[in-house]
Amino acid sequence: MASPANILRLCLRPSRRLPSLRAAALQQSALRRPLSTTQWRAAAAEDGAKSKEAEDEADQAFSNPGQFLTNFLRDEKITDEERQLAKRMLADWHNVPPHMKKEFDKLNDEITEESAYLRRPMLAKRDSFWNTEESDPDLITDEVGEDDFEEDDIMAMGHAKLEEHREFREYARLAVWEMPLLSKLAKPFQPPTEQEVLRFRYTTYMGEFHPADRKVVVEFCPRDIPGLTEAQQLKLKKLAGARYNPEKDIVKMSSERFEHQAQNKRYLGDLVDKMIATAKDPTDMFEDVPLDTRHHTFKPKIKFPKEWYLTEERKKELEAQRKQALLLDEGKRTEGLMIDGVQTIQKALLTAKVEEPVVLTRVRSTRGRR
Amino acid sequence: MSAPNCLRCLVRPTAGIPISAPLAAPIALAHAHARAAPFSTTAANARPRKETEKKTGSKDHSRGGKKLQLGKFKKDHIASKGRSPLPGERKAYRKRITLSNDNAIPVPWLTDLGPEALASAENTARVLALPEEVQDQLRAGEAFKPTQCWGMFRKPAVLVRKETVDLANRMQDAADKKQMLRLVVTGDKVAGKSMMLLQAMAHAHLNNWIVIHLPEAQELTTACTEYAPIPGTDPVQYMQPVYVLKLIQAIKRANEKVLAKTYTAQAHPELPQNIPPNTPLLKLANVAKEADGAWPVFQALWSELTAHNAARPPILFSLDGLAHAMKPSDYRSPAFDLIHSHDLALLKLFTDALGGAVKFPAGGAVLAATSRSNAPRVPSMELALAQREAEERVRQKVEGAEVPQKDPFFRGYDERVEAVLRSVQVLRVGGVDKLEARALMEYWAASGMLRATVDERAVTEKWTLAGSGVLGEMERATLLTMRV
């Protein structure tokens, strides 16, 4: 039934996409990280096409439910029930008197105008010196007339401080009274089943805005993916390129391309699906390309050698060796075969022939010895 | 009458003095001194320098009293340097090889090496002396190196190690079966790789082999000896005539006896001197008198040595510093490209023999030793040697043995090197065991070079200090320290 609420909901649906909001947000994100070390990359061609399609859809701004419904009926994918409902609603809309339609349009415009401020990105002023004129959300007062003392109240800074204190206390109360109740909601850890091979990681900054809170990371092991042969697994690893860790056998990918976590997660999920589909595609199995692991440095794990452990056996063995060595020494000593360097030298010096000084008779022969 | 005077003015612009005025004697004298500089701008009445110097007897621009002397403590003021060494003298001193020390005590039990001594396992862990004749042969072949400690003992002696016996046996087996032993000696720094080559050469000399030894591969590849393209070769090969002449003379001196008993199988019309068949090879080697004709003579000698239709002794062909022979050399072709070492004809002979392309008629051995201190990095060679070792381990079914593979994304491999080293054997020289270390230390002590009692304690100490018996390190720890 075409209740006014239903009509309103349908009307708001197209505008909820807020195409200008999305564009602005994207712009904003680019501005907010001026010092990013990540290189700006264009999206892949296919993704580009997809997003363009989405934009086209969003760009169609519908000023009233009639337009939306006609557009909705043009879509061939909807079910018969939906089609009938939409037809009925379109007929109802045509029955609405024209002045009401006009009022509706006016209301729509007003809402858009009023909420424009919310959607507008916060741009840094271009000519400001170190962004001095930028409003600082971390300040506790608004800095307008805060030094004016009118002798009837504490000053703005004092109020702000009290306000801050109240806020702390509120959170403290939450922590003491309500947080323990969360334990009721705790669920026991369920290890992922064999069907859940993707492990996602999200980041939250507890409700605060942060450029990294949209980032989603997915990890998976190519071996865990069901229905892949060895060759297909290898191809999947090759497709993953530098995202593959050969030591852990894990592919790790992340995305922060889109504004929302959910979008990024969806994107990653689709990407994994696409990779698996490509890996299964037998037209080119990349057999001529070796698995590239240059991005990974293998660290040798140095372990204490097994042979070095002083087990009882080893101790006995060493003992025997030492005993044998000592016996060898002892044998040599008794037989007089032990060699002492110092003694050898002394013996040699004692037995060395000392040349008799030759009496020189002729002056000429002083140079030669003999 | 002013005309002559004016003319004279033009000729001699210094004539400030009126010509008619009577000349004083000193001015005339000054003129006589200044003849050498007729166009001087100095006034003619300046005081002549030399005479005043002679008169006063003092130095120029000097004053009396205390003077500041700069650089009076410099060396050349204090002592004269004496005669500076002549060109090449320093190098000769650095590279000289002393094989005996008259002050060392002769070791009474030291016996000379016999023909079978190095191949028998009973001699393991014994020190044996090199006979006089072999010393001369090895010296001619430049087997001794200046870094080795020959100059400390009465006569050169070597320690027979397990690896030595192994190598000698492999050589002997190959010669008995008329096969070729192709082997690369490798190991850590100062582990005794060159000494292993020396022992192999000694064994070969003792058994009347012909020994050809290239003492340093870098002498051939670092562009320090002359080279020239060999006409009619495709791809172009290069000969090194000066080095080859030296090599022929070394071969001649080292193998005089054997070469005199080996006869040529064919005539060599291309040589300047007529060499009919059945001439001793010694005579053929004697043909090389100058560098110009050395390469054809060497080729003739090589073809004779490898002639299969005649009686030939086994041949040992060895080279030290293999890495230098396994990379592009520093020579340039006429197109200014680097010449690969394997395009140098002499090294090509060696690498062909090492790769198995050449067969010696009576068998023999092709040995190469790597060097660790003076070795360019040759990834192909390192990998190939590691692979050969791993293959050997796999053959012996050692647990966890795995043949290393090429890095598919590395470009620095050299296929020619891999082809040469595809089927060589590898002998790894490591540390000696304690028994061998003990034998060596006893020899040192008996020579008076080690002032200590050689008991188990001393041996273990030095053996451990030397990183589990690395021989060079043992020498460093024991012989080459100043603590006596």
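Could you tell me the calculated FRET efficiency between B:Ala310 and B:Val398, based on Cβ-Cβ distance and R0 = 35 angstrom, to the nearest 0.05? Rounded to the nearest 0.05, the efficiency is 0.20. With a Förster radius of 56 Å applied to the beta-carbon distance between B:Tyr93 and B:Phe409, the computed FRET efficiency rounds to 0.70.
Residues whose amide H comes within less than 5 Å of that of B:Ser318, counting only those at least five positions distant or on another chain, are B:Ile212, B:His213, B:Leu214, B:Leu367 (H built at 1.01 Å from N in the peptide plane).
Distances between every pair of Cα atoms in the stretch B:378-460, grouped in 5 Å steps from 0 to the bin holding the largest one, split as 3, 13, 16, 13, 9, 8, 8, 10, 11, 6, 2, 0 percent. Across the options B:Gln218, B:Pro328, B:Leu198, the greatest Cα extent toward the positive end of the charge dipole of the stretch B:109-429 (unit charges at beta carbon of Lys, Arg, Asp, Glu) belongs to B:Leu198. Amide H contacts of B:Arg126: B:Val160, each under 5 Å away and 5 or more positions distant or on a separate chain (H built 1.01 Å from N in the peptide plane; Pro and chain starts excluded).
For the residues A:Arg201, B:Arg170, a 1.4 Å probe over the protein chains yields an accessible-area ranking, largest first, of A:Arg201, B:Arg170.
In terms of the Cα gyration tensor, with a ≥ b ≥ c the square roots of its eigenvalues, is the stretch B:204-281 rounded because a/c is under 1.5, prolate because a/b exceeds b/c, or oblate?
Details: a/c = 2.56, a/b = 1.26, b/c = 2.03.
Verdict is oblate for the stretch B:204-281.
Quick check: from the Cα gyration tensor, does the stretch B:109-429 come out rounded (a/c under 1.5), prolate or oblate?
Oblate, because a/c is 1.5 or more while a/b does not exceed b/c.
Applying a threshold of 29 Å to the alpha-carbon distances of A:Lys237/B:Lys189; B:Lys91/B:Lys246; A:Lys332/B:Lys155; B:Lys283/B:Lys348 flags A:Lys237/B:Lys189 as lying beyond it.
Leaving out same-chain residues fewer than 8 places away, which lysines sit with a Cα under 23 Å from that of A:Lys101? Within the straight-line cut-off, A:Lys101 pairs with A:Lys87.
Its relative contact order, with pairs defined as Cα atoms under 8 Å and 6+ residues apart, puts the stretch A:109-242 at 11 percent.
The solvent-accessible area of B:Tyr227, taken with every protein chain present and a 1.4 Å probe, is close to 90 Å².
Pick out, in residue order, every one of the chymotrypsin sites (Phe, Trp or Tyr not before Pro) in the stretch A:292-321 that is DSSP loop and has at most 13 other C-beta atoms within 10 Å; say none if there are none. Before the final figure, lay out each step's value.
Working: sites: A:Phe298, A:Trp308, A:Tyr309; in loops: A:Phe298, A:Tyr309.
Taking the stretch A:292-321 and a limit of 13 other Cβ atoms within 10 Å, the loop chymotrypsin sites (Phe, Trp or Tyr not before Pro) found are A:Phe298, A:Tyr309.
In terms of its alpha-carbon gyration tensor, the stretch A:176-237 comes out oblate; a/c meets the 1.5 threshold, while b/c is at least as large as a/b.
For the residue pairs B:Lys252/B:Lys289; B:Lys178/B:Lys257; A:Lys215/A:Lys265, alpha carbon separations beyond 18 Å are given by B:Lys178/B:Lys257.
From largest to smallest, what semi-axes in whole angstrom does the stretch B:436-478 give when each is the square root of 5 times an eigenvalue of its alpha carbon gyration tensor? Present the calculation step by step, with values, prior to reporting the outcome.
Numbers: eigenvalues 45, 23, 14 Å².
Working from the Cα gyration tensor, I get semi-axes of 15, 11, 8 Å.
A simple spin-label model places the labels of B:Asn286 and B:Glu270 2.3 nm from each other, with each point 7 Å out along Cα-to-Cβ.
Past the 28 Å Cα-Cα mark, which pairs from A:Lys248/A:Lys303; A:Lys235/B:Lys327; B:Lys95/B:Lys193; A:Lys187/A:Lys301?
Details: A:Lys248/A:Lys303 19 Å; A:Lys235/B:Lys327 36 Å; B:Lys95/B:Lys193 19 Å; A:Lys187/A:Lys301 38 Å.
As for pairs spanning more than 28 Å Cα to Cα, those are A:Lys235/B:Lys327; A:Lys187/A:Lys301.
Projecting the Cα atoms of A:Val218, A:Leu228, A:Tyr244 onto the charge dipole of the stretch A:199-280 (Cβ charges, centred on the Cα centre) puts A:Leu228 farthest toward the positive pole. Within the straight-line cut-off of under 16 Å between alpha carbons, the aspartates and glutamates reachable from A:Lys274 are A:Glu46, A:Asp47, A:Glu219, A:Asp284, sequence neighbours fewer than 8 places apart in one chain being disregarded.
Model label sites at A:Leu318 and A:His295, defined 7 Å from Cα along the beta-carbon direction, differ in position by 4.7 nm.
Going 7 Å from the Cα of B:Asn208 toward and past its Cβ, which residues in the stretch B:160-176 have a backbone nitrogen under 17 Å from where you end up? Counting backbone N atoms under 17 Å from the label point, the list is B:172, B:175-176. Remark: spin-label model distance B:Ala419-B:Thr225 equals 2.4 nm, labels positioned 7 Å along the Cα→Cβ axis. Since only B:Ala362, B:Leu383, B:Thr279 are under comparison, the one whose Cα sits farthest along the positive direction of the charge dipole of the stretch B:109-429, derived from C-beta charges on Lys, Arg, Asp and Glu, is B:Ala362.
With 10 Å bins beginning at zero, the pair-distance distribution over Cα atoms of the stretch A:199-280 amounts to 18, 46, 26, 9, 1 %. If the segment from A:Thr229 to A:Lys303 were pulled out straight at 0.36 nm per residue, it would be longer than the present Cα-Cα gap by 23.2 nm.
The values are calculated or read from the model by the stated rules, or taken from the named source; none is laboratory data. Please read these numbers as outputs of a predicted model, since none were measured by experiment. Using ideal geometry, Cβ is built from the backbone for each residue, glycine included, and neighbour counts are taken over all protein chains shown. In case anyone asks, the SASA skips ligands and DNA or RNA and just uses the protein heavy atoms, side chains included. Shrake-Rupley method; radii C 1.70, N 1.55, O 1.52, S 1.80 Å.
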